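Asker: Have a look at the structure that comes next, please.
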Amino acid sequence: MGEAIVITSGKGGVGKTTTTVNIGTALALTGKSVALVDTDIGLRNLDVVMGLENRIIYDLVDVVEQQCKLSQALIRDKRFDCLVLLPAAQTKDKAAIDPSDMEEIVEELKRDYDYVLIDCPAGIEQGFKNAVAGADQSIVVSTPEVSAVRDADRIVGLLEQEDMDPPRLVVNRIRNHMMQNGDMLDVDEVVSTLAIELLGAVVDDDSVIKAANDGQPIAMDPDSKASIAYRNIARRINGESVPLMNFDDDKGVLKKVKKFFGIRA
Amino acid sequence: MTEKETRPPRVTIKGTRDGLTFILDDQCSYNELLTELHEKLSEEQYRLDHGPLVHVKLFLGKRYLDDQQIADLKEQISERKNIVIDDIRSDVITVEEAENRRKDSRVTRLAKIVRSGQVIEIRGDLLLLGDVNPGGTVRATGNIFILGALRGIAQAGISGDDRSIICAATMQPSQLRIADILRRAPEKGEKVEEERFEDLECAYVNGQFEMVLDQLQRVAKLRPELNDEWNVRTVDM
């Protein structure tokens, strides 16, 4: 029996979909079987970021309306056999399904997959309620911006009322230089405000945007800092204890390595 | 007449510096009491119609009067134009009143982070072990004590008690309200005249109906009524 994890944020545009795709890919890299579910009905884009748009035949609403079997609607990823996507419908809206439908689908997916990642739409209305319905765990994505943190706080409050484990936090789009200048909230401030466990922090990396446009998840690229961050998050979800990445520039990392080996920098 | 002289009076009137104190017998019937009060007030020495304003306090002893009876009593005494009733005091209250007072003065402990969009409402005092995040609201009929950071909205004395206070370990509220007096955080760049500490502060309403933020240590002087002295034992070495 797998685990269902909803990925949510409240605010739009903070990187829920990117986070879902990359955590999913990174989990698949570790050999786990993963199903991604796009619940943003009417505004789907998980398939685009994964480069699977052209393969969609059936979608989530078709499954709910019993136009097809769940297995028929699942799209296998190009890169991993153990990674599948259940796309959202583009033509319907969020009222087309209700929380009990989601519970059923997620329950069925959990039987076959180690992880079911549910990409939640922005907002706190029907779409959010649907996405949260079947989840056992939750990940809240926020950027280090006051407005995103405010909405994340609201979401954490709502998630705490649900019958699931306490939510965990991913801070996305960190800009080192701005954080060091104090022009941006730093990760510690976000964590202390939200007072939930930090699952990982991802730097703002131009290659993330390029990769998303190419339909090639950044988590595939072993050199990108964002990719390493996502892989670390996946390992933490798997229960490994991985220290947080250092956000300083490379010199700092080198310093740390030297310090580790007892060499004076 | 003889009977009246032997039994103790049902209404005893004493003069004090602040006015008159009426001590009313709590054993006789209510009607007897009213009758005698009427007689007393009709006596020549208490005919005060033409004198200066007299302030009167009533002591009911262990007699319980309901609202209607108190209104009757007030009306009877107020027949004398220049009498002002300052206070009506009784040694007894109903179980319901006692229960209400207990609820109003109770401290509710809450270990929680009050998050954006959440509103917590408390009857009595609130002791919050946690933060109030921006966009969160705590409301209490009594005082609010926050052992974490207050970054949202706190409203104390919501049923009108402007003696209520708001304390926080970290005081960075977006808005404070005590009874109907409001104060918001200064906008960025807005000039702030008073000295702020932000850590361990209390907010209270001063004599000019302005909300003031001050060091927590000042509370002892400002609100001595906060002390539950009956439950405190000071051990001297």
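Asker: Please go through the range B:109-124 and give me each residue that is among the hydrophobic types (A, V, I, L, M, F, W, C), open to solvent by 10 Å² or more (accessible area, probe 1.4 Å) and under 22 Å from A:VAL149 (Cα atoms), ordered by number. So that I can check it myself, show each step before the final result.
Answerer: Step one: of the range B:109-124, the residues among the hydrophobic types (A, V, I, L, M, F, W, C) are B:110-111, B:113-114, B:119-120, B:122.
The next check asks that each one be open to solvent by 10 Å² or more (accessible area, probe 1.4 Å); those that pass are B:110-111, B:113, B:119-120, B:122.
Answer for the range B:109-124, where residues must be among the hydrophobic types (A, V, I, L, M, F, W, C), open to solvent by 10 Å² or more (accessible area, probe 1.4 Å) and under 22 Å from A:VAL149 (Cα atoms): B:ALA111, B:ILE113, B:VAL119, B:ILE120.
Asker: Still on this model: Yes or no: A:ASP81 open to solvent by 10 Å² or more (accessible area, probe 1.4 Å), farther than 18 Å from A:ASN45 by Cα and out of contact with any helix residue (DSSP H, G or I) (no Cβ under 8 Å at 6 or more places or on another chain)?
Answerer: Numbers: open to solvent by 10 Å² or more (accessible area, probe 1.4 Å): yes; farther than 18 Å from A:ASN45 by Cα: yes; out of contact with any helix residue (DSSP H, G or I) (no Cβ under 8 Å at 6 or more places or on another chain): yes.
Judged against the criteria, A:ASP81 is a match.
Asker: Within the range B:141-157, is there a residue that is surrounded by fewer than 18 Cβ atoms within 10 Å (Cβ to Cβ) and out of contact with any Gly (no Cβ under 8 Å at 6 or more places or on another chain)?
Answerer: Among the residues of the range B:141-157, not one is surrounded by fewer than 18 Cβ atoms within 10 Å (Cβ to Cβ) and out of contact with any Gly (no Cβ under 8 Å at 6 or more places or on another chain), which makes the answer no.
Asker: Restricting to the range B:26-69, name every residue that is in a loop (DSSP other than H, G, I, E, B), modelled with pLDDT of 85 or more and at negative phi.
Answerer: Initially, the range B:26-69 is screened for residues in a loop (DSSP other than H, G, I, E, B), giving B:26-29, B:43, B:47-53, B:60-66.
Now restrict to residues that are modelled with pLDDT of 85 or more: B:26-29, B:60-66.
Selection gives B:ASP26, B:GLN27, B:CYS28, B:SER29, B:LEU60, B:LYS62, B:ARG63, B:TYR64, B:LEU65, B:ASP66.
Asker: Within the range B:127-136, does at least one residue satisfy the condition of being at negative phi and more than 14 Å from chain A (Cβ to nearest Cβ)?
Answerer: Filtering the range B:127-136 down to residues at negative phi leaves B:127-129, B:131-134, B:136.
Subset that is more than 14 Å from chain A (Cβ to nearest Cβ): B:127.
Yes, the conditions are met somewhere in the range B:127-136.
Asker: Something else about it: Going by what's in this entry, would B:ILE77 be described as in a helix (DSSP H, G or I) and of a type in the set (Val, Ile, Thr)?
Answerer: Details: in a helix (DSSP H, G or I): yes; of a type in the set (Val, Ile, Thr): yes.
The answer is yes for B:ILE77.
Asker: Testing A:PRO166 on (1) within 14 Å of chain B (Cβ to nearest Cβ); (2) crowded, with 20+ Cβ neighbours inside 10 Å, one condition comes back false. Which one is that?
Answerer: (2)
Asker: Might you check whether a residue that is among the hydrophobic types (A, V, I, L, M, F, W, C), modelled with pLDDT of 85 or more, open to solvent by 60 Å² or more (accessible area, probe 1.4 Å) and on the phi < 0 side of the Ramachandran plot occurs anywhere in the range B:77-92? Give the derivation first.
Answerer: Looking only at the range B:77-92, we keep the residues that are among the hydrophobic types (A, V, I, L, M, F, W, C), and these are B:77, B:83-85, B:88, B:92.
Of the ones still in play, those that are also modelled with pLDDT of 85 or more are B:88, B:92.
This time we only want the ones that are open to solvent by 60 Å² or more (accessible area, probe 1.4 Å), so: none.
No, the range B:77-92 contains no residue that is among the hydrophobic types (A, V, I, L, M, F, W, C), modelled with pLDDT of 85 or more, open to solvent by 60 Å² or more (accessible area, probe 1.4 Å) and on the phi < 0 side of the Ramachandran plot.
Asker: Go through the range A:15-40 and count every residue that is surrounded by fewer than 24 Cβ atoms within 10 Å (Cβ to Cβ) and of a type in the set (A, V, I, L, M, F, W, C).
Answerer: So the answer is 1.
Asker: Give me the strands (runs of 3 or more DSSP E) completely within the range B:139-210, filtered to those with at least 1 residues that are within 14 Å of chain A (Cβ to nearest Cβ), ordered by residue number.
Answerer: On the way: elements: B:144-150, B:153-156, B:166-171, B:175-178, B:181-184, B:199-205.
The strands (runs of 3 or more DSSP E) meeting that bar are B:144-150, B:153-156, B:166-171.
Asker: Sticking with this one: Name the one entry in A:VAL170, A:VAL149, A:VAL106 that is within 16 Å of the chain's Cα centre (by Cα) and of a type in the set (Val, Ile, Thr). Working first, answer last.
Answerer: On the way: A:VAL149 fails: within 16 Å of the chain's Cα centre (by Cα); A:VAL106 fails: within 16 Å of the chain's Cα centre (by Cα).
A:VAL170 is the lone residue from the list that is within 16 Å of the chain's Cα centre (by Cα) and of a type in the set (Val, Ile, Thr).
Asker: Within 14 Å of chain B (Cβ to nearest Cβ) and without any contact (Cβ under 8 Å) to a residue 40 or more places away in the chain - does that describe any residue in the range A:199-208? Break it down into steps so the answer makes sense when it comes.
Answerer: Of all residues in the range A:199-208, those within 14 Å of chain B (Cβ to nearest Cβ) come to none.
No, the range A:199-208 has no match at all.
Asker: In the range A:134-145, is there at least one residue being within 14 Å of chain B (Cβ to nearest Cβ) and surrounded by fewer than 22 Cβ atoms within 10 Å (Cβ to Cβ)?
Answerer: Yes.
Asker: B:ASP104: at negative phi, modelled with pLDDT under 95 and either outside any helix (DSSP H, G or I) or open to solvent by less than 40 Å² (accessible area, probe 1.4 Å) (or both), yes or no?
Answerer: Details: at negative phi: yes; modelled with pLDDT under 95: yes; either outside any helix (DSSP H, G or I) or open to solvent by less than 40 Å² (accessible area, probe 1.4 Å) (or both): no.
In short, no.
Asker: From the list B:LEU73, B:LEU60, B:LEU127, which residue is surrounded by 13 or more Cβ atoms within 10 Å (Cβ to Cβ) and out of contact with any Lys or Arg (no Cβ under 8 Å at 6 or more places or on another chain)? Reasoning before the result, please.
Answerer: On the way: B:LEU60 fails: out of contact with any Lys or Arg (no Cβ under 8 Å at 6 or more places or on another chain); B:LEU127 fails: out of contact with any Lys or Arg (no Cβ under 8 Å at 6 or more places or on another chain).
The unique qualifying residue is B:LEU73.
Asker: For A:LEU86, only one of the following conditions fails: (1) crowded, with 24+ Cβ neighbours inside 10 Å; (2) modelled with pLDDT under 90. What is its number?
Answerer: Checking A:LEU86 against (1) crowded, with 24+ Cβ neighbours inside 10 Å; (2) modelled with pLDDT under 90, the one that fails is (2).
Asker: Taking the residues in the range A:154-163 that are at the interface with chain B (Cβ under 8 Å from one of its Cβ atoms) and either in contact (Cβ under 8 Å) with a residue 60 or more places away in the chain or touching a Pro at 6+ places or on another chain (Cβ under 6 Å) (or both) as candidates, determine which candidate is farthest from A:VAL202 (Cα to Cα).
Answerer: The residue in question is A:ARG154.
Asker: While we're here: Among the residues of the range A:109-127, is any open to solvent by less than 10 Å² (accessible area, probe 1.4 Å) and either within 14 Å of chain B (Cβ to nearest Cβ) or in contact with a Pro (Cβ under 9 Å, 6 or more places away or on another chain) (or both)?
Answerer: Start the filter on the range A:109-127 by keeping residues that are open to solvent by less than 10 Å² (accessible area, probe 1.4 Å), which leaves A:109, A:116-121, A:127.
Narrowing further to those that are either within 14 Å of chain B (Cβ to nearest Cβ) or in contact with a Pro (Cβ under 9 Å, 6 or more places away or on another chain) (or both): A:127.
The answer is yes; a qualifying residue exists.
Asker: Suppose the filter is away from every other protein chain (no Cβ under 14 Å) and assigned to a helix (DSSP H, G or I); does B:GLU121 pass it? It would help to see each step written out before you state the result.
Answerer: Values: away from every other protein chain (no Cβ under 14 Å): yes; assigned to a helix (DSSP H, G or I): no.
For B:GLU121, the condition - away from every other protein chain (no Cβ under 14 Å) and assigned to a helix (DSSP H, G or I) - is not met.
Asker: Would you check if B:LEU213 is part of a strand (DSSP E or B), crowded, with 16+ Cβ neighbours inside 10 Å, within 25 Å of the chain's Cα centre (by Cα) and touching a residue at least 40 places away in the same chain (Cβ under 8 Å)? Even if it seems obvious, please write down each step before you answer.
Answerer: Numbers: part of a strand (DSSP E or B): yes; crowded, with 16+ Cβ neighbours inside 10 Å: yes; within 25 Å of the chain's Cα centre (by Cα): yes; touching a residue at least 40 places away in the same chain (Cβ under 8 Å): yes.
Yes.
Asker: Is it true that A:ARG175 is away from every other protein chain (no Cβ under 14 Å) and over 18 Å from the mean Cα position of the chain (by Cα)? Break it down stepwise before answering.
Answerer: Details: away from every other protein chain (no Cβ under 14 Å): yes; over 18 Å from the mean Cα position of the chain (by Cα): yes.
So A:ARG175 fits the description; yes.
The values are calculated or read from the model by the stated rules, or taken from the named source; none is laboratory data. If you're wondering where the values come from, they're calculated on a predicted model, not measured in any experiment. Please note: Cβ atoms are built from the backbone with ideal geometry, for glycine as well, and neighbour counts cover all protein chains shown. Ligands, DNA and RNA are excluded from the accessible area calculation, which covers all protein heavy atoms including side chains. Shrake-Rupley method; radii C 1.70, N 1.55, O 1.52, S 1.80 Å.
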